[in-house]
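Participant: Please read through the structure below; I'll follow up with questions.
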Amino acid sequence: MTSVQDLIRKKRDGETLANEEIKTFIDAVTNKTIQDCQTGAMLMAIWQKGMVPEEVETLTREMMSSGEVMSWPKEWAGLVVDKHSTGGVGDKVSLVLAPALAACGCKVPMISGRGLAHTGGTLDKLESIPGFNIHQSAAQILEILGSVGCCIVGQTESLVPADRVLYDLRDATSTVNSLPLITASIVSKKGAESLSALVLDVKFGRAALYKDLDSARELAQSLVHAGNLLGMRTAAALSCMDAVIGRYVGNSLEVMESLETLKGRGPEDLMELVTTLGGLLLQMTGSVSDLSEGRRKISDAVIGGAALSKFQAMMEAQGVANETARSLCSAHSDYYSVLRKAEHQMELKMPTDGEVLDVDGLALAEVLHKLGAGRSKVGEPVNHSVGAELLVSLGQRVSKGASWLRLHFETPRPTADQIDRLQGALTVGSNTHTHTHTLVRELLPPQ
């Protein structure tokens, strides 16, 4: 039996670990028979020396098998789907996509995370809805999928326990940005959902983990390869994340924009992501013949109201009072009668006449994070009411003195430096080229 020290030494020296050796490491992590310092040393060795594709496949498979793997009724074969995003500013795609897919006949067991970066994650957004319970057992997930077709929940204790240990230690050891470790973490969790098809939204740009298209493509290829090897049809979209998705950033504000989208009044960029990612999934399940038909079917589910009905049913199935869910989904809802409104609002003004050429999404998100919309440590609370509304669109001509951003805040108040930083996020000028602001730049089909 190889000792853990021998495995660390082997990887440190750039050698390839055998399948049995990777299994030994993951078993030790899961059963807590390894010291944190040894796990950290192995993570650093993997970060420095990398892994060949066969090692990544085995690491992913062993992490997936470290806990419960979900199973579904036979009649759902080919219909169980999910999506994963590498994270962005104003990324509320899941809230619209999950019910749209359910309306198209799919089963969507969306297991999501909390935000650790600038603003809240999908679970934080949903928890701004009074009563919404993201904690559901495997039996409850099965029941909700049977009756509604979609649920959005947190990771259960029994699902991929090895990832929970490695995830925290990656943060503590500065090994978060390792391609093999990112791939294994994301794909093992999706593999444990026993999916028929998975679509990945891999973002690049100023406000993304990867700043350039080439490095994002490398991650997307690694994820698609690992997913397909686990038996899930896996595809990816590479999308630009420089500005903001939609016009609202912050937890309860993004719930409002998602509901507006489900009522057929959504922004074009958000709908582009929803229809592209959803269309890819419908194509992979075989329910449509090509991507354009898939996009159309998802768009019809959103604009026609079928997805809104599914979202209402999902809210009720996950603990929201019927009256609350009905109020949020009504045609002319007073959202603030249900969702918390920040105590203070402040509008920032255009410094000059001109066309809105750019809004720096990262600068916006980092200020909102400091104002309480996000968290710096696992377990910290977020203030669901803190956020910002963009009052202008890219390409729009606006006059000096007009409002371009509405800031929602409580305690702390924004400092003068933070207001300067927000004003600095706006680029105004004159643009001689007319160009469309599409986000999706490339698609990676399943292999």
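Participant: With N set to the residue count of the chain, report its C-alpha Rg divided by 2.2 N^0.38 Å to two decimal places.
Facilitator: 0.98
Participant: For Glu293 and Val176 in one chain, what is 0.36 nm times their gap in residues minus the Cα-Cα distance, to one decimal in nm?
Facilitator: 38.3 nm
Participant: Once the Cα atoms of helix 93-103 and of the chain are each reduced to a long axis, what angle between those two axes, in degrees from 0 to 90 to the nearest 10, is obtained?
Facilitator: It is inclined by approximately 80 degrees.
Participant: Follow-up. Using only the alpha-carbon atoms, how far is helix 36-49 inclined from the longest principal axis of the chain? Give it as 0 to 90 degrees, nearest 10.
Facilitator: Here the helix axis deviates by roughly 80 degrees.
Participant: Decide, for the range 9-56, between rounded, prolate and oblate: order the square roots of the alpha carbon gyration tensor eigenvalues as a ≥ b ≥ c, take rounded if a/c falls under 1.5, and otherwise choose prolate if a/b is larger than b/c, else oblate.
Facilitator: Note, shape of the range 9-56 comes out oblate.
Participant: What is the gain in length, in nm to one decimal, between Asn228 and Asp27 on full extension, counting 0.36 nm per residue of separation less the C-alpha to C-alpha distance?
Facilitator: Length gained between Asn228 and Asp27: 70.0 nm.
Participant: Around Asp358, which amide H atoms from residues at least 5 apart in sequence, or from another chain, sit under 5 Å from its own amide H, with H modelled in the peptide plane?
Facilitator: Correct list: Thr427.
Participant: Give the residue list of trypsin sites (Lys or Arg not before Pro) in the range 25-80 that are DSSP loop and have at most 12 other beta-carbon atoms within 10 angstrom.
Facilitator: Lys32
Participant: Sorting Arg326, Arg206 by accessible area (1.4 Å probe), largest first, what list results?
Facilitator: The most accessible residue leads, giving Arg326, Arg206.
Participant: In what order, largest first, do His135, His332 sit by accessible area if the probe radius is 1.4 Å?
Facilitator: His332, His135
Participant: Okay, moving on. From the mean inverse distance of alpha carbon pairs (Kirkwood) and the Cα radius of gyration, derive Rg over Rh for the range 1-152.
Facilitator: Reported Rg/Rh, Kirkwood definition of Rh: 1.06.
Participant: Please figure out what share of the DSSP beta bridges in the chain is antiparallel and state it in percent, rounded to the nearest 5.
Facilitator: If I count the DSSP bridges inside the chain, around 50 percent turn out antiparallel.
Participant: Sticking with this structure for a sec: Round to a whole angstrom and tell me the spacing of the C-alpha centers of the range 251-294 and the range 54-113.
Facilitator: For the range 251-294 versus the range 54-113, the Cα centre distance is 16 Å.
Participant: Counting only heavy atoms of protein chains, what accessible area per residue, in Å², does the range 259-405 have with a probe of 1.4 Å?
Facilitator: With the other protein chains kept in place, the range 259-405 gives 43 Å² per residue.
Participant: Rounded to the nearest 500, what is the 222 nm mean residue ellipticity of the chain from helices alone, with -39500 (n - 2.57) per DSSP H run of 4+ residues and division by all residues?
Facilitator: -13000 deg cm²/dmol
Participant: Further, regarding this structure: Would you grab the residues whose amide H sits under 5 Å from the one on Val440? Only those 5+ places off in sequence or on another chain, please, with H modelled 1.01 Å from N.
Facilitator: Cys240
Participant: Counting only protein chains, not ligands or nucleic acids, how are Ser3, Ser147, Ser185 ordered by accessible area (probe 1.4 Å), most first?
Facilitator: Ser147, Ser3, Ser185
Participant: Reported to two decimal places, what Rg/Rh ratio describes the range 113-165 when computed on Cα atoms with Rh from the Kirkwood expression?
Facilitator: So for the range 113-165, dividing Rg by the Kirkwood Rh gives 1.00.
Participant: Can you list the HN-Hα couplings for the range 282-292, worked out from phi with the Karplus curve (6.51, -1.76, 1.60; θ = phi - 60°), rounded to whole Hz and with x for Gly and Pro?
Facilitator: Going residue by residue, I get 5, 5, 5, 7, x, 7, 9, 8, 8, 5, 5 Hz, with x marking Gly and Pro.
Participant: For the range 69-114, rounded, prolate or oblate, judged on the Cα gyration tensor with a ≥ b ≥ c (square roots of eigenvalues), a/c < 1.5 rounded, else prolate if a/b > b/c?
Facilitator: Judged from the Cα gyration tensor, the range 69-114 comes out oblate (a/c at least 1.5, b/c at or above a/b).
The values are calculated or read from the model by the stated rules, or taken from the named source; none is laboratory data. The shown structure was predicted, so the numbers you read here are calculated from the model rather than taken from an experiment. Glycine gets a Cβ as well: all are built from the backbone with ideal geometry, and neighbour counts include every protein chain shown. Note: accessible area is taken over every heavy atom of the protein model, side chains too, but ligands, DNA and RNA are not part of it. Shrake-Rupley method; radii C 1.70, N 1.55, O 1.52, S 1.80 Å.
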